[in-house]
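Comments concern the structure below.
The values are calculated or read from the model by the stated rules, or taken from the named source; none is laboratory data. From a predicted model like this one, the values you see are computed outputs, not experimental measurements. Quick reminder, even Gly has a Cβ in these numbers, built from the backbone with ideal geometry, and neighbours come from all protein chains shown.
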Amino acid sequence: MFVLATFALLISIILVLLRLYFSQTLFDRVLALNAFGTMAVILIGVVGFLSGRPDFLDIALLYALINFVGTVAVLKYFKYGTIGDSDKQTSKLSG
Amino acid sequence: MIQALVLKVITKLMVGFIILFALYVQFHGDYSPGGGFQAGVIFAAAFILYGMVMGLQNVERVLPPWLTHKLMALGVIIYTLVGIYSFFVGYNFLDYGALSPAHPEHGQHYGILLVEFGVGVTVAGVVISIYYAFVNRSKTSKEDE
Amino acid sequence: MRSLFISFVLLSLTWLLLSGVYKGLIMGLGLLSVLLTIYFVRRMDKIDGYTIDFSINIFKLLGYFFWLLMEIAKSNIEVVKAIIKGDNHINKKMFFISTSQRSDLGKVIFANSITLTPGTISINLENNQLCVHALNFNEASTKGLEEMDRRVKNIESGS
Amino acid sequence: MDFLPMLIQIFSWVFIVLGSCLMVIGAAGMLRFADFWARLHAASVIESGGMIFLLLGMCLQANDWLIFFKLAFIGLFLFITGPAATHAVAKAALSDQSRKNSTKSAIK
C-alpha cells in the first residue's frame, strides 16, 4: 500500500517539476514549488512508514514550515525587491 | 510590512508554535533526529517570518541586532566552558564524564545537552544576524542609486 | 489574563503530545521552553500592537471543521471532473462577496475555508469585501459561499 | 474482535488509494490547464484533498499515539498554512497583472 502511495507521489512530483520547467511566469513557478513542497512533506512521511521508522515525521514538519517561510520570502522579494522593510518602496511610490 | 490580513493573522498564530517546535528539536537531540543546528535554524526562521510579514522595525525591537551578536559569542562560550570545566577537573577536553563523576552516563547526557544548547544559540544568532545584514545591505544599496 | 492561560495550556499540550519522553529533566526543560515562548509572543504582541481577538466558540469550531471536511470532499469531486473534461468546459469568473464576521480571525477563517475548498480561491481581503475566483461559476456557488459565511459568523461567540 | 482491525485496514487502504489518485489528478491538472488561474485550482486539489486523504490513511496505520499526534500536527499545520500560501500567490499575481495592465494603458 505504501509502495503504491510512493509511486503515485513520485509520478505527481515529476509532473509538477515538468510544470516548473515549462512555465513562463514567476507565479506559475512559485505555485508549482508550493505544491512540490506539500508533496515532499507527505513523501517523507510515507517513506518513513515504508522503511518502518516513522521518526522522520519531525523532519516532515520542519519541511512544511520551511516551505511556508520560503514561499512568503520569494513572493515578498519579487514584489518589493527586498525581504526586509518595504517602507522605502511605498515612500518612493507616493513621492 | 505586508498588508495582507490573512498572512498577518496566520503569522501571529503560528509564530509561537514555531518557536516551541524549535525548542522541542533542541532538547530532544538524543531521542529523535535533530539537534542544535536544526533547532537554531528553525528558531531563526520564526523570527525571519515575523520580520518579513510584520516589518523590519518590529523584529529589530523584539530581538535587537546587538543581542544577536552577543548570542553568537554566548553559544561558543557555553561550548568552551563545558570543555574547559572538564579540563580543570582532571579529565580530557570535552570529556562529559566530568559533569557527574559518580554516574558517567548521566554526565554524558548533560554534556551533550549543554553543548547542543551552545550550538543552537550560536546558529540562531548567526542566521538572524545574516538576515539583518542582508536586509540592511539591500536598503543601503537602494539609497546609493 | 485569560489569553495568557489559554496560550499556556495550548503550548504545554503541544509539547506533551510531541515529546513522548516523560522524564523529569525533559519535562522541566519543556516548562522552561513554554515560558520562553510565551515571553517572546507577549513581547511581539506588545511591540507591534496587534493582538488577535480569540472570540471563538471551540465546540462550534469543531462542528464547523467537520462540515468543512464534507464541503472539501464534495468540491474535490467537482474539480476532478473539471480536470478530466479539460480546458474548454470551464467557466472562470472573478467576483466579490461581502464578509459579515466581526473579528479579524473570523474573516481569516472564512478566507482560508474558501481557499481550502477546491474550485474557489480567495484572492484579496479588504474592508469586508472578499475577492473570489471560481473555476466553474454558477448561481449555486454564490449561494454556497453565503452559507459558509453564515456558518463562520455563527462560530464567533457573541459578546 | 477480529472485525475492527480489518475495518481499519480497509479504511486506510481506501483513503491512501483515494489520496494517491487525487495527487496524480491534481498534478496532471496543473500540467493540463493552459491558464494560471485555472492551475491555482488544480494545485488546491493537491493541497487539500490529496493531503488530507493521505494523512488520514497514514493516521489509521499508526500503531503509536505519538506518531498519530505528529501526523495530526503535520495535517493541521498544512491545513492552516497551505491556503495562506495559495492566497499570497494569488494576491501577488493579481497585483502584478493589474500593474502590467495599468502600465500598458499608460503607454497607449
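Miscellaneous remarks
- Any hit, segment C:120-135, residues being part of a loop (DSSP other than H, G, I, E, B), more than 12 Å from the chain's Cα centre (by Cα) and not aliphatic (A, V, I, L, M): yes
- A search for C-beta distances below 8 Å between a residue of segment C:71-92 that is at the interface with chain D (Cβ under 8 Å from one of its Cβ atoms) and any residue that is surrounded by 15 or more Cβ atoms within 10 Å (Cβ to Cβ) and basic (Lys, Arg), counting only pairs 6+ apart in sequence or on different chains, returns C:83/D:32; C:86/D:32; C:87/D:32.
Okay, residues lined up against (1) assigned by TED's automatic domain parsing to the domain that holds residue C:136; (2) part of a helix (DSSP H, G or I); (3) small (Gly, Ala, Ser):
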site	(1), (2), (3)
C:11	no, yes, no
C:21	no, no, no
C:28	no, yes, yes
C:34	no, yes, no
C:37	no, yes, no
C:67	yes, yes, no
C:72	yes, yes, no
C:79	yes, yes, no
C:82	yes, yes, yes
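- Flag not set for residue D:72, criterion: over 15 Å from residue A:37 (Cβ atoms) and at the interface with another protein chain (Cβ under 7 Å from one of its Cβ atoms).
- Test result for residue C:62, at pLDDT 85 or above, over 21 Å from residue D:46 (Cβ atoms), in a helix (DSSP H, G or I) and among the aliphatic types (A, V, I, L, M): yes
- Only a single item in (1) surrounded by fewer than 24 Cβ atoms within 10 Å (Cβ to Cβ); (2) in a helix (DSSP H, G or I); (3) more than 10 Å from chain B (Cβ to nearest Cβ) is not met by residue A:60, and it is number (1).
- Residue C:152 meets each of the listed conditions (1) in a strand (DSSP E or B); (2) of a type in the set (A, V, I, L, M, F, W, C); (3) touching a helix residue (DSSP H, G or I) at 6+ places or on another chain (Cβ under 6 Å); (4) within 25 Å of residue C:77 (Cα to Cα) apart from (1).
- Among the conditions (1) of a type outside the set (Phe, Trp, Tyr); (2) modelled with pLDDT of 85 or more; (3) in a helix (DSSP H, G or I); (4) surrounded by 14 or more Cβ atoms within 10 Å (Cβ to Cβ), the only one that residue C:144 does not satisfy is (2).
- Residue within segment C:49-67 that is of a type in the set (A, V, I, L, M, F, W, C) and facing chain B (nearest Cβ under 8 Å) present: yes
- Per the listing D:46, D:67, the residue uniquely crowded, with 19+ Cβ neighbours inside 10 Å, facing chain A (nearest Cβ under 9 Å) and either under 18 Å from the mean Cα position of the chain (by Cα) or not in a helix (DSSP H, G or I) (or both) is D:46.
- Under the condition of being facing chain C (nearest Cβ under 7 Å) and either polar (S, T, N, Q) or in a helix (DSSP H, G or I) (or both), the residues counted in segment B:16-45 number 7.
- Any pair with Cβ under 7 angstrom, 6 or more apart, that starts in segment B:30-45 at a residue that is farther than 8 Å from residue B:124 by Cα and ends at one that is outside any helix (DSSP H, G or I) and among the β-branched types (Val, Ile, Thr): B:31/C:21
- Some residue of segment D:27-34 being assigned to a helix (DSSP H, G or I), at the interface with chain A (Cβ under 9 Å from one of its Cβ atoms), more than 24 Å from residue D:85 (Cα to Cα) and small (Gly, Ala, Ser): no
- Considered as a group, the residues in segment B:112-145 that are of a type outside the set (Ser, Thr, Tyr) and modelled with pLDDT under 80 include one that is nearest to residue B:69 (Cα to Cα), and that residue is B:137.
- Matching entry among A:58, A:87 (being at pLDDT 85 or above and of a type in the set (D, E, K, R)): A:58
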